[in-house]
1. Using a 1.4 Å probe on the protein heavy atoms only, what accessible surface does residue 87 show? Give it in Å² to the nearest 10.
2. Suppose we keep just the DSSP beta bridges with both residues in the chain; what percent of those would be antiparallel, to 5?
3. Accessible surface of residue 73 in the full protein assembly, 1.4 angstrom probe, to the nearest 10 Å²?
4. Test of understanding: what is the full-extension gain from residue 6 to residue 109, defined as 0.36 nm times their sequence separation minus their Cα-Cα distance?
5. Beyond 28 Å, what share of the Cα-Cα pairs of the chain is found? Please give it as a whole percent.
6. Would you mind calculating the relative contact order of the range 18-97 from Cα pairs under 8 angstrom and at least 6 residues apart, reporting the percent as a whole number?
7. Using a 1.4 angstrom probe on the protein heavy atoms only, line up 8, 144 by accessible area, largest first.
8. Relative contact order for the chain: what percent, with Cα pairs under 8 Å and sequence separation of 6 or more?
Amino acid sequence: MTDITENHPAPAFDMATDGDGRVSSAALTGRPYVLYFYPKADTPGCTTEGQDFSALADDFAAAGVTVIGVSRDPVKKLDRFKAKYDLKVVLASDEPGDVTEAFGVWVEKSLYGRVYMGVERATVLIDEAGVIRRVWRKVRVKGHAAEVLATVRTL
């Protein structure tokens, strides 16, 4: 597992997205972007987070920032999730797990005494040069998208 650090280059990535698309760090070079990692599509916290980022999608776009939600869900599940909640952000599938591991968000978790591996809810702000500017770990959903937008506006 890699741990990501502010003011260091972001790991390179290339992922399938909803709508039969692709997103890569190479294609995003020259503009800032946000990667928000969430555990599982169509679960309560992840749905709220997607809706919150979607509600602010126009504000992020006006700031010149692309927002991408990343989970290990297959693309077909992301397509259904996006359509069901009319989400306005790109949803990327890291089904193989390379990206969640590279960003250090594939972690040991525990629930009711059961220990398992899963995606830690985290967000990373990456500038136009591909440098990590801000990392939020163990994110609490309420108010998080607005906090990320406020930080984006300081770039």
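1. 10 Å²
2. Antiparallel: roughly 70 percent of the beta bridges in the chain.
3. Here the accessible area works out near 10 Å².
4. My answer for the length gained is 34.7 nm.
5. 11 percent
6. 38 percent
7. 8, 144
8. Relative contact order here is 33 percent.
The values are calculated or read from the model by the stated rules, or taken from the named source; none is laboratory data. Bear in mind that the values here come from a model prediction, so they are computed numbers and not experimental data. Methodologically, a virtual Cβ is constructed for each residue, glycine included, from the backbone with ideal geometry; neighbour enumeration extends over all protein chains shown. Remember, those area values only see protein heavy atoms, side chains included, never the ligands or the DNA or RNA. Shrake-Rupley method; radii C 1.70, N 1.55, O 1.52, S 1.80 Å.
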